[in-house]
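Engineer: The structure is given below, and queries will be raised subsequently.
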C-alpha cells in the first residue's frame, strides 16, 4: 500500500479536525472532520493563511508554546495546536483544530459580565455654583443629576452619588463598547446644558476595567479620573492593567478663580525646602524660556527661605544664550550638569522639577533613582508616563505656563518684591513664549501674574530682546512660512529645510505665524534638528485638539499647543498628521 494511504488512514483516526500544511503554506492533506471547520468541499491545495489568517511562522511557534490562537469558523471556536513531522529542513506541519466553542462562549459571558467602575466628576463645580444665581442653582444641580442618572440607566448601571460633584457607578463590561464607540457622547450632551456661568459645563470621567478584583478595578477608575483631571477635564479615560485610552478633551481648561491652592502649595514647598539638606532644580531636556525662568523662580523661593539651590542644566540652546550669559555674569546662580548632580543626590535631597512631569523628558532622569524627595510644578496635561511618587505634585493644565504657577507661588512664599530683575524677566519671558505673546491660553490669573512680575522689575523691552534670532534662522523661518501648504480642511503644513540646531524654536514660531492666515484652524510644522531627529510643532485655534494627535507620536502638550520628536521623515510625519486630522473630523 502507498504512503499516502497510510497517511490518510492515520488522519482519519484522529478524533478532531486535522490538516497537513507543507513548507510553502499549502494544505496537502486533511481528514473528513475538517468539514466541521471549513464549509468548503475541498481545501487541499489551498493557502492556509488565506483560510485562517495564520502565517507559517506562527504555526511553527505554536509547537513550542503548546497551543495557538483561537479561530472562529462556522459559528464555532477552534483552538489550534501544531506538530512538526518529517525532515528538520523541510518538515510538514500537522494542524489540529480543538473545538472550544463552549469554553469560548463561557469566557465571553464571563468577560461581558465583569464589573467596571466609573467615577463621574463635575468639572469646576464650585465655580459653576458661584456663577449661578441662587434661584437657578437648584434647577442646574437637578438637571445635572438627571443627566448622569439617565446615562447610568442606559447602561444598566448601579449609581451612587458620592459627593455633591461626584458619582460612582458600576456596570457590566458589555456596555463599555457602546460608550467607547460613541466616544462618550455624554461629554457632548452635558456641554449643551445652559448655565449662567461664562464657561461650558463639563464632566471628567474615569473608568476602571480588568482588575483582578473589585478593589483593583476601583483603583484603576480612580487613577483614570486623576488622569482626566490632570489633562484638564472634559474627557473620559478608560484604564485597565495594560492600556489607557482617552476620549473627549474638546474644551479649553477652565481657569480656577480661587488662588487658595497656590497658597497651600507655596506653604508645603517652603516646608520641604526647610527640611532638605540639598536642593536641585531641574527642567526638561533642551530647556526653553519657561523651564529656565521657572527654575530661576524656584531658586529665589529657596533663597527666600534661607537655602542655597543648584540648577541642573546639561546644555544651553541658542534661545537661552542671552539670559544664561546674564545669569552667569551675576555670579548669583549655581549650575551643574546632570552627571555632577548624580554624585551628590541622596534621600536628603529635594529635587524640584519644573515645566514637565515625564521622566523621559528630564535633563537627568537618573536623579529620580537617587532617593531624593520630588516636587513637580507643571502646566502640561497629565501624560500616561507621569512621574510617580512625588511628595508634592502641582500640575495645573489651566495655567498658561509653569512660569505662571511659579510666579503665584513666589507671592506666597516670602516677602513681596524680593525678585531679582533678571528672575522677573525670565518668568515673564516664559509666560510670553508659552502664550504666543499673550495671544493664546491666557486667563485673568495669567495677566495678574504678568502684572506682578512687571511691578517686581521686569522690563518688557529686555524680555523682547531674549527672543531675537540670528539672520540665518530668520531666513529658514521665512522660507518655511512662504512654502506652507493650506489644505481644504483649514490645516496648514510646512517643512523647514535642512537640519537646524534651533529646530524646536523655529518650528514653533512658524506654526504660530501660520495661525495668522485667514481660515487656518491648525498648523503643523516639521523638520530635522542638528541630531537628525524630526521635530514637529503643532498649533490650533481650539477646534482641533493637537495634543491628542501629538500624543500618538509620543509627544504631548495642550489642546492648542503641542509638539513631538520622532524618527520618521518630516514628509511622513505630515502625512500621518493629515490623516489623523481627517479622522477626527
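Engineer: Tell me yes or no: at least one residue of region 549-559 is in contact with a strand residue (DSSP E or B) (Cβ under 6 Å, 6 or more places away or on another chain), modelled with pLDDT under 90 and over 26 Å from residue 359 (Cα atoms).
Structural biologist: So far as region 549-559 goes, no, none of its residues is in contact with a strand residue (DSSP E or B) (Cβ under 6 Å, 6 or more places away or on another chain), modelled with pLDDT under 90 and over 26 Å from residue 359 (Cα atoms).
Engineer: Follow-up question, since we're still on this one. Please work out which one of (1) surrounded by fewer than 21 Cβ atoms within 10 Å (Cβ to Cβ); (2) over 25 Å from residue 228 (Cβ atoms); (3) under 20 Å from the mean Cα position of the chain (by Cα) is the condition residue 536 fails and give its number.
Structural biologist: (1)
Engineer: Restricting to region 61-81, and then to whatever is outside any strand (DSSP E or B) and surrounded by 15 or more Cβ atoms within 10 Å (Cβ to Cβ), can you tell me which residue is nearest to the chain's Cα centre (by Cα)? So that I can check it myself, show each step before the final result.
Structural biologist: We begin by selecting, within region 61-81, every residue outside any strand (DSSP E or B); these are 61-69, 74-75.
If we keep only those that are surrounded by 15 or more Cβ atoms within 10 Å (Cβ to Cβ) too, we end up with 62-63, 68.
On the way: 62: 36, 63: 39, 68: 34 Å.
By that ranking, first place goes to 68.
Engineer: Now for a separate question. Name the one entry in 157, 153 that is closer than 29 Å to residue 193 by Cβ, under 35 Å from the mean Cα position of the chain (by Cα) and surrounded by 17 or more Cβ atoms within 10 Å (Cβ to Cβ).
Structural biologist: 157
Engineer: List the residue pairs whose Cβ atoms are under 6 Å apart, where the first residue sits in region 33-61 and is free of Cβ contacts under 8 Å to residues at least 60 places away in the same chain, the second is in a helix (DSSP H, G or I), and the two are 6 or more positions apart or on different chains.
Structural biologist: 55/49
Engineer: For residue 310, work out the one condition from (1) without any contact (Cβ under 8 Å) to a residue 40 or more places away in the chain; (2) outside the structural domain of residue 340 (by TED's automatic domain parsing); (3) touching a helix residue (DSSP H, G or I) at 6+ places or on another chain (Cβ under 8 Å) it doesn't fulfil.
Structural biologist: Evaluating residue 310 over (1) without any contact (Cβ under 8 Å) to a residue 40 or more places away in the chain; (2) outside the structural domain of residue 340 (by TED's automatic domain parsing); (3) touching a helix residue (DSSP H, G or I) at 6+ places or on another chain (Cβ under 8 Å) leaves (2) as the failure.
Engineer: Is it the case that some residue within region 393-405 is farther than 29 Å from residue 552 by Cβ, in contact (Cβ under 8 Å) with a residue 40 or more places away in the chain and in a loop (DSSP other than H, G, I, E, B)?
Structural biologist: Scanning region 393-405 turns up no residue that is farther than 29 Å from residue 552 by Cβ, in contact (Cβ under 8 Å) with a residue 40 or more places away in the chain and in a loop (DSSP other than H, G, I, E, B).
Engineer: Please give the helices (runs of 4 or more DSSP H) falling wholly within region 408-473 in which 3 or more residues are in contact with a strand residue (DSSP E or B) (Cβ under 6 Å, 6 or more places away or on another chain) and surrounded by fewer than 14 Cβ atoms within 10 Å (Cβ to Cβ). Spell out how you get there, then give the answer.
Structural biologist: On the way: elements: 421-434, 444-455, 460-466.
The helices (runs of 4 or more DSSP H) meeting that bar number zero.
Engineer: In region 258-278, is there at least one residue being in contact with a helix residue (DSSP H, G or I) (Cβ under 7 Å, 6 or more places away or on another chain), in contact (Cβ under 8 Å) with a residue 24 or more places away in the chain, closer than 18 Å to residue 371 by Cα and outside any helix (DSSP H, G or I)?
Structural biologist: no
Engineer: Only one of these conditions is not met by residue 350: (1) closer than 28 Å to residue 565 by Cα; (2) in a strand (DSSP E or B). Which number is it?
Structural biologist: Residue 350 satisfies all of (1) closer than 28 Å to residue 565 by Cα; (2) in a strand (DSSP E or B) except (1).
Engineer: For region 167-203, give me each residue that is within 24 Å of the chain's Cα centre (by Cα) and in a strand (DSSP E or B).
Structural biologist: 203
Engineer: Applying the selection to region 335-360, what residues are surrounded by 21 or more Cβ atoms within 10 Å (Cβ to Cβ), under 26 Å from the mean Cα position of the chain (by Cα) and in contact (Cβ under 8 Å) with a residue 60 or more places away in the chain?
Structural biologist: Result: 351, 352, 353, 354, 355, 356.
Engineer: Quick test of your reading of the structure: residue 511 fulfils all but one of (1) closer than 17 Å to residue 483 by Cα; (2) in contact with a helix residue (DSSP H, G or I) (Cβ under 7 Å, 6 or more places away or on another chain). Name the failing condition by number.
Structural biologist: (2)
Engineer: Moving on to the next point. Residue 148: in a helix (DSSP H, G or I), in contact with a strand residue (DSSP E or B) (Cβ under 9 Å, 6 or more places away or on another chain) and either crowded, with 17+ Cβ neighbours inside 10 Å or modelled with pLDDT under 90 (or both), yes or no?
Structural biologist: Taking the combined requirement at face value, the residue satisfies it.
Engineer: Still on this structure, please answer the following. Run down 526, 538, 503 and say which single residue is farther than 24 Å from residue 235 by Cβ and at pLDDT 90 or above.
Structural biologist: Matching residue, one of 526, 538, 503: 526.
Engineer: What residue, among those in region 94-116 that are touching a helix residue (DSSP H, G or I) at 6+ places or on another chain (Cβ under 8 Å) and at pLDDT below 90, is surrounded by the fewest Cβ atoms within 10 Å (Cβ to Cβ)?
Structural biologist: Of everything passing the filter in region 94-116, 113 is surrounded by the fewest Cβ atoms within 10 Å (Cβ to Cβ).
The values are calculated or read from the model by the stated rules, or taken from the named source; none is laboratory data. All figures in this text were calculated on a predicted structure; none of them were measured in a lab. Don't worry about glycine lacking a Cβ; one is built from the backbone with ideal geometry, like all the others, and counts go over all protein chains shown.
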